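The structure appears right after this line, and notes come after that.
The values are calculated or read from the model by the stated rules, or taken from the named source; none is laboratory data. Just so you know, these numbers come straight off a predicted model, no measurement behind them. So basically every Cβ, Gly included, is an ideal-geometry build from the backbone, and we count neighbours across all protein chains shown.
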Amino acid sequence: MLKNRNVLITGGAGFIGTHLFETLIKDDNYIVIIDNFNECYYSGKEENLVNVTQNHEILKDYNIIKGDLLNNSIYSKIKCEIDIIFHLAAHAGVRYSIQNAEEVTRNNIISFVNILEYALHNNVKKVVYASSSSVYGNPIYTPVDEEHPKNPISPYGVSKLCGEVYADYYFREYSLPITSLRFYTVYGPRGRPDMAIGKFFNLIFQDKEIIVYGDGEQLRDFTFISDIVNGLILSGEKKKSSGEAFNLGWSNPITVNHLVDMMFKIANKTKKVKYIERQKGDVDITHSDIKKANDMLNYQPRVNIEEGLQKTYKWHKNNV
Ligand SMILES: NC(=O)c1ccc[n+]([C@@H]2O[C@H](COP(=O)([O-])OP(=O)(O)OC[C@H]3O[C@@H](n4cnc5c(N)ncnc54)[C@H](O)[C@@H]3O)[C@@H](O)[C@H]2O)c1
């Protein structure tokens, strides 16, 4: 358990960042967030953060810095010694990256190099980097272990892989303790409205037709947010995780068609689905092998898709 540390969360106003913030602040950590609150592919980040901070009256326990990691002057605004950095900030949309390859490449890679330089020169004891299952591209075999070839099929996936190469370089050349985590499709309350589950629930609530790309038979390894937060914290506290990359998934993929059926059933609504052409950047299957994370981090995902969807539905019902 991470306790009484000074923690920097980049991208702390985003989906995964707000959940990590919420968990760590309960364990007496002091949290610094840097986020530029960009609205590239969805809005509502201020509200997401308020959702968390309104439950914490002790304002001295966190500091939210609104600014861009690409801007070097932002780092002088961090006024305490940071023990650990969770680097979650990125342009995270696959399709957005195909249309905005240069912007995504610059944002994701340069901002991470700035963070690594900050960590190196400020005695930071640990960096945890949010990578992605997108580094693998279309699998050659499943389940996909960490040694699987890396053939990303979008600028986003390439940028995440490039981040891992930088992580490896700083670990080898400077002994900077750093761990890369390859997340598999994360969902849950406050989930990103540009991703399937958030988007589908929003449309189902409005009795609108949902759009499925391709025939819906693509398999996805949907992973509930609390399991990802556990994996992040375990990586942050386990020394032997440094210099390594881990898959963090649920490891029991389902088809998008199965997902859609479950969602309409939970919402008790009549199914309305339109199938359109498959999108560039979409892989056929994501399926994590989580043995390495299980062995070395003691990572054990606990929330199955039925339970996770119920929790997500409840949040949508109360908030959207
Ligand atoms: N959500 C998933 O399923 C998933 C899967 C694999 C990997 N990831 C990775 O996890 C991380 C978090 O994802 P998320 O789903 O919470 O995304 P998100 O878009 O909700 O959060 C990312 C946050 O980073 C901020 N940001 C981006 N560029 C910035 C910059 N230059 N300076 C300051 N802030 C910046 C954004 O404003 C946003 O709040 C990302 O790195 C993403 O690539 C997510």
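For this structure, a couple of remarks:
- Residue within region 187-205 that is in contact with a Phe, Trp or Tyr (Cβ under 7 Å, 6 or more places away or on another chain), β-branched (V, I, T) and in a strand (DSSP E or B) present: no
- Taking the listed residues Y169, Y141, the one that is of a type in the set (F, W, Y), over 24 Å from S288 (Cβ atoms), modelled with pLDDT of 95 or more and surrounded by fewer than 20 Cβ atoms within 10 Å (Cβ to Cβ) is Y169, with no other qualifying.
- Residues that are away from the ligand (no atom under 12 Å from the Cβ), over 20 Å from V124 (Cβ atoms), out of contact with any Pro (no Cβ under 7 Å at 6 or more places or on another chain) and part of a loop (DSSP other than H, G, I, E, B) occur in region 217-224; there is at least one.
- Subset of region 19-45 (residues that are among the hydrophobic types (A, V, I, L, M, F, W, C), in a helix (DSSP H, G or I) and within 17 Å of the chain's Cα centre (by Cα)): L20, F21, L24
- Matching residues in region 269-312 - criterion: being touching a residue at least 40 places away in the same chain (Cβ under 8 Å), surrounded by fewer than 20 Cβ atoms within 10 Å (Cβ to Cβ) and part of a helix (DSSP H, G or I): K291, K292, M296, E306, E307, Q310, K311
- Which listed residue, of N29, N63, N71, N55, is free of Cβ contacts under 8 Å to residues at least 40 places away in the same chain, more than 9 Å from the ligand (Cβ to nearest atom) and over 23 Å from I225 (Cβ atoms): N63
- Among residues of region 168-186, those that are assigned to a helix (DSSP H, G or I) and either aromatic (F, W, Y) or in contact with a Leu (Cβ under 7 Å, 6 or more places away or on another chain) (or both), counted: 4
- Residue within region 180-189 that is out of contact with any strand residue (DSSP E or B) (no Cβ under 7 Å at 6 or more places or on another chain) and closer than 23 Å to L20 by Cβ present: yes
- Residue pairs whose Cβ atoms lie under 8 Å apart, sitting 6 or more positions apart in sequence or on different chains, and linking a residue in region 212-240 that is over 22 Å from D194 (Cβ atoms) to a partner that is of a type in the set (K, R) and buried (at least 23 other Cβ atoms within 10 Å of the Cβ), are G236/K126.
- Residues in region 84-107 that are in a helix (DSSP H, G or I) and crowded, with 22+ Cβ neighbours inside 10 Å: V94, S97, V104, N107.
- Qualifying residue in region 82-104 (condition: away from the ligand (no atom under 11 Å from the Cβ) and modelled with pLDDT under 95): yes
- Looking across region 120-147 at every residue that is assigned to a helix (DSSP H, G or I) and in contact with a Pro (Cβ under 9 Å, 6 or more places away or on another chain), the one that is farthest from the ligand (Cβ to nearest atom) is identified as V135.
- Flag if L49 is without any contact (Cβ under 8 Å) to a residue 60 or more places away in the chain, within 8 Å of the ligand (Cβ to nearest atom) and either part of a helix (DSSP H, G or I) or closer than 25 Å to N100 by Cα (or both): no
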